[in-house]
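*Asks:* I'd like to ask you about the structure that follows.
Read-outs: derived from the displayed coordinates by stated rules, not from any lab. Bear in mind that the values here come from a model prediction, so they are computed numbers and not experimental data. Cβ coordinates were reconstructed from backbone atoms using ideal geometry, including for glycine residues, and neighbour counts include every protein chain displayed.
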Amino acid sequence: MLSVEDARARILGNAEPLPAERVRLQAALGRVLAEDVRSTAPLPGFDYSAMDGFALEAEACDGEGPWEFPVVGESRTGHAPPDWVKGTACRIFTGAAIPRGATAVLLQENVLGPDGEPLRSARGLEAIRFAHRPHVGEHVRLAGEDLPLGALGMARGTAVGALQLGLLAALDRGSLIVSTRPRVLIVNTGDELREPGSPAPGPTSIPESNSVVLAALAQSAGAEVAVLPLTRDDLETTRRAFCAALLHCDVLVTVGGVSVGDHDLVRPALEAAGVSLDFWKVRMKPGKPLVYGRSGATHVLGLPGNPMSAQVTFMLFGLPLLRALQGQIERAPRSFSLNLLGSLRQKPGRRGFYPGKWEADGVMPLGNKSSGSTVSLASADVLIVMPEELEELPAGKAVEVISLR
């Protein structure tokens with residue numbers, strides 16, 4: 001059996017990024033950049049005020065205050081600033097350009113009224129009086145302060161989320177070059193399965209729950225996903241389904257039938273369909289029977305059928321594969337350390353990945369660790385990682401966790 005790291009390395013080592021395409025900025029959410037995006041102008045593009053107040057020369061405030069300056073002109077957003085008159089103050093608003101010659105912005109709240117108290121309104125003032133000595137650059141945002149001309153704004157391989165869209169828009173990009181979405185086909189196998197909501201043919205019939213989770217996870221990683229009709233436990237039927245699917249996807253995900261039972265037909269069906277298998281066991285729990293192979297440029301992941309096993313293995317191996325196919329920089333799941341709030345036990349020999357709830361003072365293991373359970377993962381925020389050589393993790397110990405959010 002391979003370690004988790006070796007198995008992931010073998011999968012990602014075969015993942016050549018897919019071709020790129022250009023899309024509109026509004027269609028780039030969830031995509032991965034296939035180009036470096038650099039600033040074609042300084043960001044911001046001009047010196048502007050960070051607050052409402054008065055632009056003035058800070059250097060002109062010599063001696064002891066209070067000081068008094070006449071007010072000449074007004075600078076507001078969307079308009080060129082007025083010509084600067086030395087020895088004066090210019091009314092200015094947040095986001096408006098700093099007049100050339102001014103070096104600071106005096107906050108409106110620092111202007112004094114006739115009674116020496118802060119002025120309530122600055123409307124129509126002909127002169128301002130103030131005791132606060134402004135320093136050069138106070139409340140001034142300089143051109144190029146965020147990014148100078150030609151600077152790297154966002155690197156190739158960055159996943160574009162909502163906040164990244166904001167920066168790309170600020171960089172004046174109406175379209176972007178992104179990686180093509182991986183095409184994923186999901187095939188579920190098993191005589192016991194039926195579509196959720198359909199009539200049960202018998203008491204041992206099970207509503208199929210994996211495909212909806214796997215499809216949602218794959219879509220969250222930028223893939224285009226289709227789920228094929230349920231495949232029964234028949235070798236020739238399964239082989240034909242795989243042969244047809246391999247022609248139309250970048251990643252074929254099979255669910256169930258990858259163990260060593262008499263009715264576990266996925267491995268022989270994949271081989272009969274021309275798939276070259278790389279490995280089929282990983283030293284982890286849940287999810288030991290994990291198949292990976294290739295058919296031409298198409299990647300094949302054979303997941304166990306138990307819900308927790310299928311979903312955990314796809315998060316640990318399938319999602320990194322989809323990110324790698326899009327050239328994403330960050331591929332492996334994020335992990336960090338939390339204090340364990342309850343003890344965990346396992347049979348040593350395989351690394352454990354167990355659902356946990358992130359609380360204010362640490363992580364609480366969730367009750368049911370069974371690979372067939374769908375309940376615990378639905379309530380989990382993280383997977384608690386338990387080293388394979390350990391039989392017990394006591395409460396109070398710092399543990400590695402993998403975020404599910």
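*Asks:* Work out from phi, with θ = phi - 60° and the Karplus expression 6.51 cos²θ - 1.76 cosθ + 1.60, the ³J(HN,Hα) of each residue of region 201-207, listed in order in whole Hz, and give x for Gly and Pro.
*Replies:* Residue by residue, region 201-207 yields x, x, x, 9, 6, 10, x Hz.
*Asks:* So, one more: Of 248, 299, how do they rank once you tally other Cβ atoms within 10 Å and put the fewest first? Let's see the in-between values first.
*Replies:* On the way: 248 12, 299 26.
Exposure proxy ranking, most exposed first: 248, 299.
*Asks:* Continuing with this model, one more query. Order the peptides 270-280, 8-18 from the highest to the lowest mean number of other Cβ atoms within 10 Å of their residues.
*Replies:* Per-residue mean Cβ counts within 10 Å order the peptides as 270-280, 8-18.
*Asks:* Membrane-span-like helices in the chain: DSSP H runs reaching 18 Å or more (Cα, own axis), mean Kyte hydropathy at least 1.0? Could you put the intermediate results ahead of the total?
*Replies:* On the way: long enough: none.
Going by DSSP H runs, there are no hits.
*Asks:* Next up: In deg cm²/dmol and to the nearest 500, what is the mean residue ellipticity at 222 nm of the chain if only DSSP H runs of at least 4 residues count, each as -39500 (n - 2.57), divided by the residue total? Spell out each step's value before the answer.
*Replies:* Working: 8 runs with 68 residues, N = 405.
Roughly -4500 deg cm²/dmol at 222 nm, from the helical runs in the chain.
*Asks:* Let me ask something additional. Using Cβ counts within 10 Å as a stand-in for footprinting exposure, how do 204, 298 rank, fewest first? Walk me through the intermediate numbers first.
*Replies:* Values: 204 8, 298 18.
Ranked by crowding around the Cβ, least crowded first: 204, 298.
*Asks:* Determine how many Å³ per residue the convex hull of the Cα atoms of the chain encloses.
*Replies:* Details: hull volume 85.5 nm³, N = 405.
Once divided by residue count, the hull of the chain is 211 Å³.
*Asks:* May I pose another question? Return the aspartates and glutamates within reach of residue 86: Cα separation strictly under 14 angstrom, same-chain partners fewer than 8 residues apart disregarded; answer none if there are no such residues.
*Replies:* Of all the aspartates and glutamates, those that pass the test against residue 86 - Cα under 14 Å, at least 8 places apart if same chain - are 57, 59, 68.
*Asks:* Please list, by residue number, every one of the trypsin sites (Lys or Arg not before Pro) in region 282-364 that is coil in DSSP and has at most 13 other beta-carbon atoms within 10 Å.
*Replies:* Numbers: sites: 283, 294, 323, 331, 334, 345, 350, 351, 357; in loops: 283, 331, 334, 350.
Listed in order of number, the matching sites are 334.
*Asks:* Follow-up question, since we're still on this one. What FRET efficiency comes out for residue 339 versus residue 9 if R0 is 25 angstrom and r is the Cβ-Cβ distance? Round to the nearest 0.05.
*Replies:* Details: r = 30 Å, r/R0 = 1.21.
Here the calculated transfer efficiency is 0.25.
*Asks:* Which residue, 353, 127, 282, has the largest displacement toward the positive end of the dipole of the chain when charges sit on each Cβ (Lys, Arg +1; Asp, Glu -1)?
*Replies:* Checking the options against the dipole of the chain, the answer is 282.
*Asks:* Could you work out the per residue convex hull volume over the alpha carbons of region 48-141, in cubic angstrom? Let's see the in-between values first.
*Replies:* Numbers: hull volume 7.6 nm³, N = 94.
Expressed per residue, the convex hull around the Cα atoms of region 48-141 is 81 Å³.
*Asks:* Further, regarding this structure: Give the lysines whose C-alpha is closer than 18 Å to that of residue 288, dropping any in the same chain fewer than 8 places away, or say none.
*Replies:* Answer for residue 288, where 18 Å is the Cα cut-off: 347, 369, listed by chain and number.
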